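Structure first, then comments.
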Amino acid sequence: MSFSVHPITPTFAAEIGDLDLRVAMSDAEFEALEDAFNTYSVLVFPDQALSDAAQLAFSARFGPLETTIQKFRKGVKLRLGPEFADVSNLGADNEPLPADSERRHFNSGNRLWHTDSSFRPVPAKCSLLYARSIPPTGGQTEFADLRAAYDGLSADMRARLEGLVAEHSIRESRRKIGYDQFTEDEIKGLPAAPQTVVRTHGDSGRRTLYLASHAERIFGMDDAAGKALLAELIEHATQRQFVYSHRWRVNDLVMWDDRCTMHRGLAFDDLRYKRNMQRTTVRDFAPTCEQEGIALKDIIAAE
Ligand code: OGA
Ligand code: MN
């Protein structure tokens, strides 16, 4: 292994040194990197000089890339190619979005704890976020370790969560921030998706919670009781001992495991400073119910 691994905590988040992500890795080197990823869930690669093509090439080694949900919105001029989620606060003119910008409102949903694309039938495996410019203060990204949070549940709670399936929707997380300007195409293109509340992280064999602000309800549970349970689990999972807070430097690439973490972006003075971040997202291989061997039709029939 040619690169160095510097754990930030013994089991969550690590910095990777001596690696230029523009250079194609050998299979052996890539496997060693995957091992680090499956152990630490969040990898920080400092001081990378990535072109869009280089970010795409490195990301695509982990699996097929998602395309942006902005494609459901016609007539929007994208700053980046379709495999990028534009996480910046910039408009097509590369200037900060104004206070009344609809996209600014939509993007503020990233301040809620979530995991990427849990509202898609096949959700994300991992995300890779690259920082081209950052504000001087604020704008950190926080990550919660959902495998450690699962291990920290009581045996009773773990038993209670077995087999539960939640319904996730992008409209739910946006409802929480008061955004409801979805177009007909978005509503049709982004229907709610079922996701198990616990799952096995296949590449480590560890059990994990699977949570996000996109989760709206739990199948087979009274609406209020389902919402209360989801809120309780998110509160449990985001206690300080499970959280790593990343202070960005320009040219950091940070990748995280969407199967077993949540994240959120912290506020900054976004009308004043540019925060130019671009994300590539790798798709998982199957819906979570399928991965867990849960027959969704039985869950729906039991409602
Ligand atoms: C994301 C995201 C938060 C941030 O890129 O998926 O949620 O801090 N980002 O920008
Ligand atoms: Mn996100």
Accessible area of K227, 1.4 Å probe, to the nearest 10 Å²? 90 Å²
Most to least packed among 261-272, 214-225 [average Cβ atoms within 10 Å]: 261-272, 214-225
Regarding the chain, what whole-number volume in Å³ per residue does the convex hull of its Cα atoms give? 131 Å³
Could you tell me which helices of the chain pass both thresholds, a Cα extent of 18 Å or more along their own axis and a mean Kyte-Doolittle hydropathy of at least -1.0, with helices taken as whole DSSP H runs? 27-40, 223-237
So how strong a dipole does the chain carry about its Cα centre when Lys and Arg Cβ are +1 and Asp and Glu Cβ are -1, to the nearest 20 debye? 700 debye
Check the straight Cα-Cα distances from K227 and name the lysines below 19 Å, setting aside those fewer than 8 residues away within the same chain. K176
Check: segment 59-110 dipole with +1 on Lys, Arg Cβ and -1 on Asp, Glu Cβ, in debye: 200 debye
Residue by residue through segment 150-157, the couplings from Karplus 6.51 cos²θ - 1.76 cosθ + 1.60 with θ = phi - 60°, in Hz, x for Gly and Pro, are 4, 4, x, 7, 5, 4, 4, 5
In square angstrom, what is the accessible area per residue of segment 4-301 with a 1.4 angstrom probe? 42 Å²
Once the dipole of the chain is set up from charges on Cβ (+1 Lys and Arg, -1 Asp and Glu), the residue from the list M157, V76, A302 lying farthest towards its positive end is V76
Please state, to two decimals, what the Cα-based radius of gyration of segment 120-159 comes to when divided by 2.2 N^0.38 Å (N = residues). 1.82
Report the label-to-label distance for D223 and E186 in nanometres (one decimal), using points 7 Å from each Cα along the Cα→Cβ vector. 2.2 nm
From DSSP H assignment alone, runs of 4+ in the chain each adding -39500 (n - 2.57), the sum over residues rounded to the nearest 500 puts [θ] at 222 nm at -7000 deg cm²/dmol
Separation between Cα centres of segment 96-170 and segment 25-59, rounded to whole Å: 21 Å
Give me the net charge of L296's neighbourhood, meaning all other residues with Cβ under 12 Å from the Cβ of L296; Lys, Arg count +1, Asp, Glu -1. -4
Which percent of the accessible area of the chain is formed by carbon and sulfur heavy atoms (probe 1.4 angstrom)? 53 percent
Would you mind getting me the FRET efficiency between F30 and K274? Use the beta-carbon distance for r and R0 = 35 Å, nearest 0.05. 0.60
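The values are calculated or read from the model by the stated rules, or taken from the named source; none is laboratory data. These numbers come from a predicted model, not from an experiment. All Cβ positions, glycine included, derive from the backbone under ideal geometry; neighbour counts span all protein chains shown. Only protein heavy atoms, including side chains, enter the accessible area calculation; ligands, DNA and RNA are left aside. Shrake-Rupley method; radii C 1.70, N 1.55, O 1.52, S 1.80 Å.
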